[in-house]
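Q: One structure is given below, represented as structure tokens, and several questions about it will come after.
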Amino acid sequence: KWRWVVTALCWLFILVMMVTPVTIIVLGTFMKLFGFFNIPAPFTINHWVTAFRDNVLLLSFRNTILLAVGAGVIGMFAYTLISYLVVKTHFRGRAFLDFVSWVPWALPGILLGLGLLWLFLGNPVLSVLYGTLYGLILAMIIKEMPVGIQMTKAGLMQIGKELEEAALISGASWLVTFRKIITPLLLPCMLNVALIVSIVSIRDVGLVI
């Protein structure tokens, strides 16, 4: 019976902590002078017209979307493969690989970005990534490796090894087993990881800079 009260409290929390601040921010973009409702004709759309006529803003918006989608999709598959090595195989270095995956969270974003910058500039092979969107996507994938791998590991741990063993006994290769059994069962988790990485990629300004 208390579920309606709890639901109401949850919606109240969302309203106060999320909806109200966002509404105020959006409202402010339509005001000539924020907070002054007593001036003549306080609302205007000129700010939005100016913004969408700015080619730099539109290019930045496009790059942000490409960065978010690229980091989310590519990272989703990379984290899944790494997690599979850690959880489902007898690879000797899997424990060390699992430990190393936490390192990006131990470093501030700007420091990690500086390390990657030195890596790109000091390596002839990776120097082609300098100044490109691909380099930023790689940086975001590395930065969000801890959350991506840990979430995917949790999903893989819930998939019993009996399914893979049955597929292998039936003559399926590892690739077929992974594509037709592991991936469909793990897909909701993978999509959640992709969404989280995409959202974080949009707001992580320090690493991108």
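Q: I'd like to check one number: the per residue accessible area of the chain, probe 1.4 Å, reported in Å² as a whole number.
A: Working: 14220 Å² over 209 residues.
For the chain, the per-residue accessible area is 68 Å².
Q: If you build the convex hull over the alpha carbons only and average its shadow over all orientations, what do you get for the range 87-209? Give it in nm² to one decimal.
A: Details: hull surface 36.5 nm².
That works out to 9.1 nm², a quarter of the Cα hull's surface.
Q: Compute the angle between helix 183-203 and the longest alpha-carbon principal axis of the chain, please, reported from 0 to 90 degrees and rounded to the nearest 10.
A: 40
Q: Can you return the aspartates and glutamates within cross-link range of LYS180? Criterion is Cα-Cα under 20 Å, with same-chain partners fewer than 8 residues away left out.
A: Partners within reach: GLU162, GLU164, GLU165.
Q: Can you tell me the orientation of helix 3-14 relative to the chain, as the angle in degrees between its alpha-carbon axis and the longest Cα principal axis, to the nearest 10?
A: The angle comes out near 60 degrees.
Q: Can you pull the percent of the range 1-119's accessible area that's carbon plus sulfur, 1.4 Å probe, other chains left in place? If you can, show how the numbers build up before the last one.
A: On the way: 7150 of 9050 Å².
Whole-percent figure for carbon plus sulfur exposure: 79.
Q: Stokes-Einstein diffusion coefficient for the chain at 25 °C in a medium of 0.890 mPa s, Rh from the Kirkwood formula over Cα pairs: what value in µm²/s?
A: Once the numbers are plugged in, D ends up at 117 µm²/s.
Q: If you place +1 on the Cβ of every Lys and Arg and -1 on the Cβ of every Asp and Glu, how big does the dipole about the Cα centre of the chain come out, in debye to the nearest 20?
A: In debye, rounded to 20, the chain gives about 260.
Q: Here is a further query. Taking the chain as the reference, fit the longest principal axis to its C-alpha atoms, fit the long axis of helix 55-88 to the helix C-alpha atoms, and give the angle between the two in degrees, 0 to 90, nearest 10.
A: 30
Q: At a Cα cut-off below 26 Å, give the lysines reachable from LYS143, other chains included and same-chain residues fewer than 8 away excluded.
A: The qualifying lysines are LYS88, LYS153.
Q: Please list CYS189, CYS10 from largest to smallest accessible area, probe radius 1.4 Å, with all protein chains kept in place. Intermediate results must be reported in sequence, preceding the final value.
A: Working: CYS189 25, CYS10 70 Å².
The ranking, largest first, comes out as CYS10, CYS189.
Q: Per-residue HN-Hα couplings for the range 110-123, Karplus 6.51 cos²θ - 1.76 cosθ + 1.60 at θ = phi - 60°, whole Hz, x for Gly and Pro?
A: After applying 6.51 cos²θ - 1.76 cosθ + 1.60, I find 5, 5, 5, x, 5, x, 5, 4, 4, 5, 5, 6, x, 10 Hz.
Q: Further question: Check MET31: other-chain or 5+ apart residues with amide H under 5 Å from its amide H, H built from backbone geometry?
A: It is THR44, by chain and number.
The values are calculated or read from the model by the stated rules, or taken from the named source; none is laboratory data. Here the structure is a predicted model, which is why all the values come from computation and not from measurement. Methodologically, a virtual Cβ is constructed for each residue, glycine included, from the backbone with ideal geometry; neighbour enumeration extends over all protein chains shown. These accessible areas exclude ligands, DNA and RNA; they are computed on the full protein's heavy atoms, side chains included. Shrake-Rupley method; radii C 1.70, N 1.55, O 1.52, S 1.80 Å.
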